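We did not get these values from a lab; they are worked out from the coordinates using the rules stated. Predicted model only: the values in this text are computed from it and were never measured. Here the Cβ positions follow ideal geometry from the backbone for every residue, glycine too, while neighbour counts run over all protein chains shown.
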Amino acid sequence: MSSESCPVDFGIVTQPNDIGSVPNLIKELDAGLSSLSGGGNGARHEMLIKARTLTQALETPRETMIKHCWAQTGALAGLNFGIETGLWKLMAKNGDKPQRVEDLASKLTVDAVLLARLMRHLAAMGYLKEVGVNEYQTTNFTKAMSFPTVSGGYFSMTSATGASPLRFHEYSRKRGFKNPADAQDTALMYAYGTDLDTFSWQRSLGYGMHFNHHMGGYRQGRPPWMSADVYPVKERLFDGFEDSPNDALLVDIGGNIGHDLAEFREHHPSHPGRLIVQDLPVVIGQIKDLDPAIQRMEYDFHTEQPVKGARAYYMHSILHDWPDEVCQRILNRIKEAMKAGYSRLLINENVIPDTGVWWETSALDMVMLTLFSSRERTQSDWHNLLEDMVGLKIVKIWSAGNGVESLIEVELAGEEGSSG
Ligand SMILES: C[S@@+](CC[C@H](N)C(=O)[O-])C[C@H]1O[C@@H](n2cnc3c(N)ncnc32)[C@H](O)[C@@H]1O
């Protein structure tokens, strides 16, 4: 490229991004060490961001580019191969001792040359420890890959849908670089030449169950909304609960294989009323180990809600999958079933802050953008959708901290009822 067409000196490509900031960052990391033991996730996250800034300061633009274009995709090939062949389970079972590629390959009946190449790159990327020639030890990360709740996202999200973000620029160019909002015309549909939505597409490739596991796994270790320091469940749901023939306490709409209600029962084992998980028949049919006290119900949320007058209807990561017009239709079905002055709607979703968004939240917004033509919403987006478009009322947004889904408590508006 000629110097006229490029506004900066090419020399920056091979120089560290910000070498001058390195000494201070190291000092700050050192000073932060003392807060790590008692500071919880907040202190650890601060350290993580500083460590990332340090890595970026030391890295040259050329190295960052190679990392994105070669290294990370190559690591995904190796990680997926390990899931497919059972490598991570086998290594976890073998324990912390050094493990020879040849022995692993023979146990898994895979080509040892192939396995050696993949493991060598994973070690070069820090996911395995190299302890000798073709000999490796696991890390906590690769051990964790033996759990389906950790590995499930690799096939269902990355393999099944990865072309959507990677070809988003083409899709967007062909649509005039406008913010997409049509659930029938997504970047996933463009990238794969399909008219299936994301969930149907994942299932068509055989990754439906992997996605269910991913849904159960991604939230692990984050404060759930039903814990006392986020939402006062007793005061807001149990007090005033009406024992009636239809004594539904909580209806989880699009509740997948029931993990949220199972977690609710763990937190509140002596709750009153029924817990009901609703999802499409194909997903309800995949439920295996759910507490029998949780009722399973096949239901399409575009149709009339069969459970009327429940104490609470609940949706977790549902509305972010859909553009406003589709959400409006889903919400209207719930509104029709709510009992004035009694029923609440609880929406467990991100509320994007004006500044300082946590990277996991903006990452999920990219998933919504490139797989669904939908989005994570800001506070004003939520007011617009729930109040202006559907005529409900937001009672309160209960925050679980930056980067974690909030609980948006909603009731019927105005004269239709106030469930205070
Ligand atoms: C992003 S997942 C969220 C699952 C669950 N609420 C959670 O947070 O783990 C979206 C869920 O919506 C379900 N879903 C999609 N379309 C649906 C429909 N028309 N009726 C009911 N559920 C649907 C999917 O099967 C999937 O389980």
**OP:** At a Cα cut-off below 16 Å, give the lysines reachable from K129, other chains included and same-chain residues fewer than 8 away excluded.
**Re:** K97, K143
Subject >> At most 12 other Cβ within 10 Å, DSSP loop - GluC sites (Glu not before Pro), the range 48-151 >> reply: none
**OP:** Under 14 Å from a label point 7 Å along Cα→Cβ of E360: give me every residue in the range 128-166 with its amide N that close.
**Re:** 150
**OP:** Order by neighbour count: H121, H210, H271, fewest other Cβ atoms within 10 Å first, most last.
**Re:** H121, H271, H210
**OP:** For L128, enumerate residues with amide H under 5 Å from its amide H, sequence gap 5+ or separate chain, H modeled in the peptide plane.
**Re:** A123
Original post:
When the chain is treated as a GNM, springs tying every alpha-carbon pair under 10 Å, which of A31, A228, A75 comes out with the largest mean-square fluctuation?
Top reply: A31
Subject >> Estimated distance in nm for a label pair at S21 and A228, the labels positioned 7 Å out from Cα along Cα-to-Cβ >> reply: 4.1 nm
**OP:** Excluding residues fewer than 8 places away in the same chain, name every one of the aspartates and glutamates whose C-alpha is closer than 17 Å to that of K50.
**Re:** D18, E28, D30, E59, E360
**OP:** Provide the gained length on full extension for the span H68 to E325, in nm with one decimal, where the gain is 0.36 nm per separating residue minus the Cα-Cα distance.
**Re:** 88.9 nm
Original post:
Separation between the R100 and A31 pseudo-spin-labels, each 7 Å from Cα along Cα→Cβ, expressed in nm?
Top reply: 5.2 nm
Subject >> Long-range tail of P(r) for the range 66-144 (Cα pairs > 20 Å, %) >> reply: 20 percent
Original post:
Distance in nm between label sites at V395 and I12, each 7 Å beyond Cα in the beta-carbon direction?
Top reply: 5.2 nm
Subject >> Lys/Arg +1, Asp/Glu -1 at C-beta; the range 10-59 dipole; positive extreme among T53, G20, G38 >> reply: G38
**OP:** For A77 and N179, calculate 0.36 nm times their separation in residues minus their Cα-Cα distance, and state this gained length in nm to one decimal.
**Re:** 33.6 nm
**OP:** Quick one: net charge around E376, please, counting Lys, Arg +1 and Asp, Glu -1 for every other residue with C-beta under 11 Å from its C-beta.
**Re:** -4
Subject >> Relative contact order for the chain, counting Cα pairs under 8 Å that sit 6 or more residues apart, in percent >> reply: 11 percent
Original post:
Any idea how far the Cα center of the range 158-214 sits from the one of the range 289-303, in Å?
Top reply: 27 Å
Original post:
What is the order of D279, D96, fewest Cβ neighbours within 10 Å to most?
Top reply: D96, D279
Original post:
Roughly how many whole Å is it from the C-alpha centroid of the range 53-104 to that of the range 371-412?
Top reply: 38 Å
